[in-house]
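The values are calculated or read from the model by the stated rules, or taken from the named source; none is laboratory data. On a predicted model such as this, the values are computed, not experimentally measured, just so you know. Here the Cβ positions follow ideal geometry from the backbone for every residue, glycine too, while neighbour counts run over all protein chains shown. Remember, those area values only see protein heavy atoms, side chains included, never the ligands or the DNA or RNA. Shrake-Rupley method; radii C 1.70, N 1.55, O 1.52, S 1.80 Å.
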2 protein chains.
Amino acid sequence: MTSSASASASSSPAPRKDPWDLPDVSGLTVGVLGGTGDQGRGLAYRLARAGQRVVIGSRAAERAEQAAHELGQGVEGAENAECARRSDVVIVAVPWDGHARTLEALREELRGKLVVDCVNPLGFDKKGAYAIRPEEGSAAQQAEALLPESRVTAAFHHLSAVLLSDPAVEKIDTDVMVLGEDREDCAVVQALAGRIPGMRGVFSGRLRNAHQVESLVANLVSVNRRYKVHAGIRLTDL
Amino acid sequence: MTSSASASASSSPAPRKDPWDLPDVSGLTVGVLGGTGDQGRGLAYRLARAGQRVVIGSRAAERAEQAAHELGQGVEGAENAECARRSDVVIVAVPWDGHARTLEALREELRGKLVVDCVNPLGFDKKGAYAIRPEEGSAAQQAEALLPESRVTAAFHHLSAVLLSDPAVEKIDTDVMVLGEDREDCAVVQALAGRIPGMRGVFSGRLRNAHQVESLVANLVSVNRRYKVHAGIRLTDL
């Protein structure tokens, strides 16, 4: 909206940084912990297909290498710790019930790394999916608590594993809500999301507001069931 | 996606109901409790402009009548209890800190009515907005607990009061996530949303998944601040 943009510009002495001015991330290696699960495989596939160097991690090196081989696109596989060591940015795509254990075990390897948590703590019963509230507030805040020397962000929560993994799908029209405490770290994650055709990384707040972003997947499950779709999110007016 | 739609059809003996087949709601009177606040005024204005009969409610009849007069479009004003009595569908747009008190006082008048909670329990501090978690799980679940003889749904959380109230804005391109336990009740709310140009009402789950929908407004506040916009939500692939 023009009115609010001009109002803001007039009150700030320094020129406002363009929020769409994002860094070149093409040289970064991206690790995907839990890279043999549906979400992890899908993300690894899309990022590699977009030209990113990707290493998927698993508890067993052999399984990771097998999955990497199946994905093609130059994806490599390694045991989780080795995956973290070789990566600049590490996406956490493990199941919620292995989240704390996996991160605790990798504290050393993840020191100083940009960690991107994309885990959705959900439960399922006869009535469908429902949100689980971690003691720390969210999966991302649990990661932040367990990895005090890493740079923790949260993103990639609302992507359909089916669409990510389907080679016939050229473009995935969706926004990736990126949360974090550090503007530069968020910008890297936004830029990574933006490498995938159709996707846009949008800064969407601090980690204390991650729970609702993670939990919204329970609603998308309901939408998918009612409308027989693979729903995602777009933010309007930007 | 064609594949999942056909898979679902084959497993169900009865023909699946078209989720876009919504009732005619043009004859319903819509009440807006808290209709003198920004969100309530904006919703009342849009619904009336779309041809709906709208009564806004306030604690003082005079204030409601004054606001109704300012809105035009045939909007009427009344004291909250009278507003509830005269309406078929009652939108709850009061501030969060008056939510429980207002609903408790209107239990009789709201008996049997379709109640649409659009309240976002948020707090604000120097770091911006953050979600407040009501004891009942969400504002909508609090309404459900306080109004056992009403039909409680939740919707209209992510609309910008600025856009709603601007007469120059012809169309608001956004989805309205509608939550509830009863399919027919949700369909009425979806149809109401659909009367406003650009809007689409989308069933998005049960009330137990309302908290994250209400709280997502904290993230939209961050988006609005960073990008200088009035962000809303679209669900993709449908």
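Rounded to the nearest 0.05, the FRET efficiency derived from the C-beta distance between B:Lys171 and B:Phe124 at R0 = 30 Å is 0.50. Relative to one another, the C-alpha centroids of segment A:87-164 and segment A:47-84 are positioned 18 Å apart. Rolling a 1.4 Å probe over the heavy atoms of the protein chains gives chain A an accessible area of 41 Å² per residue.
The mean sequence distance of close C-alpha pairs (under 8 Å, at least 6 residues apart), as a share of the length of chain B, puts its relative contact order at 17 percent. Between the amide H of B:Lys113 and those of B:Arg151, distances stay under 5 Å, these residues lying 5 or more places away or on another chain, with hydrogens modeled in the peptide plane. Atom-type composition of the exposed protein surface of segment A:24-160 places 44 percent of the accessible area on carbon and sulfur (1.4 angstrom probe). Note that segment B:19-33 has calculated 3J(HN,Hα) couplings of x, 9, 7, 10, x, 7, 10, 5, x, 7, 8, 10, x, 10, 6 Hz, one per residue in order, obtained from phi through the Karplus relation 6.51 cos²θ - 1.76 cosθ + 1.60 (θ = phi - 60°); glycine and proline are x.
Amide H contacts of B:Leu122: B:Ile132, each under 5 Å away and 5 or more positions distant or on a separate chain (H built 1.01 Å from N in the peptide plane; Pro and chain starts excluded). Here the average projected area of the convex hull drawn through the C-alpha atoms of segment B:22-227 stands at 10.6 nm².
Ignoring aspartates and glutamates fewer than eight residues from A:Lys113 along the same chain, the ones with Cα atoms less than 20 angstrom from its Cα are A:Asp24, A:Glu76, A:Glu79, A:Glu82, A:Asp88, A:Glu104, A:Glu144, A:Glu149, A:Glu181, A:Asp182, A:Glu184, A:Asp185. In Å², nearest 100, what accessible area do chains A and B bury in total when the solvent probe is 1.4 Å? For A against B, buried area totals roughly 4500 Å². Each residue of segment A:79-87 was assigned a 3J(HN,Hα) from its phi angle through the Karplus curve 6.51 cos²θ - 1.76 cosθ + 1.60 (θ = phi - 60°); the sequence is 5, 3, 5, 5, 4, 5, 4, 7, 10 Hz, with glycine and proline shown as x.
Hey, for a label at B:Arg59 modelled as a point 7 Å past Cα toward Cβ, could you say which residues of segment B:103-130 have their backbone N under 15 Å away? Backbone N within reach: B:103-106. Extension gain, B:His69 to B:Asp182: 0.36 nm times the residue separation minus the Cα-Cα distance gives 37.2 nm.
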